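What follows is a short report on a single structure.
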């Protein structure tokens with residue numbers, strides 16, 4: 001934040017005026033957005049062993065999303081006309 005100060009000594013008693021700029025600018029020299037990235041480039045995603053049809057599933061032990069095959073077994077269907 002820049003502060004500008006001016007001292008006025010034209011009168012018999014000096015007067016000081018201090019003004020601060022409300023504007024704030026943050027500049028990052030290394031900011032380089034990358035619009036198209038692969039999942040493997042994201043630090044908390046593991047794509048090891050990925051196969052067609054896999055889903056990203058969070059693993060709390062590794063704190064990563066991992067490619068896993070998700071399966072379900074239907075044991076009973078209730079209702080409907082067959």
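Bear in mind these aren't lab numbers, they're just calculated from the coordinates by the rules spelled out. Quantities reported herein were computed from a predicted structural model and do not represent experimental measurements. Every residue, glycine as well, gets a Cβ built from its backbone with ideal geometry; the counts of neighbours run over all protein chains shown.
Remarks
- Neighbour counting of Cβ atoms within 10 Å sorts the residues 41, 76, 66, fewest neighbours leading, into 76, 41, 66.
- Projected label distance in nm at residue 55 and residue 78, using a 7 Å step from Cα toward the beta-carbon: 2.3 nm
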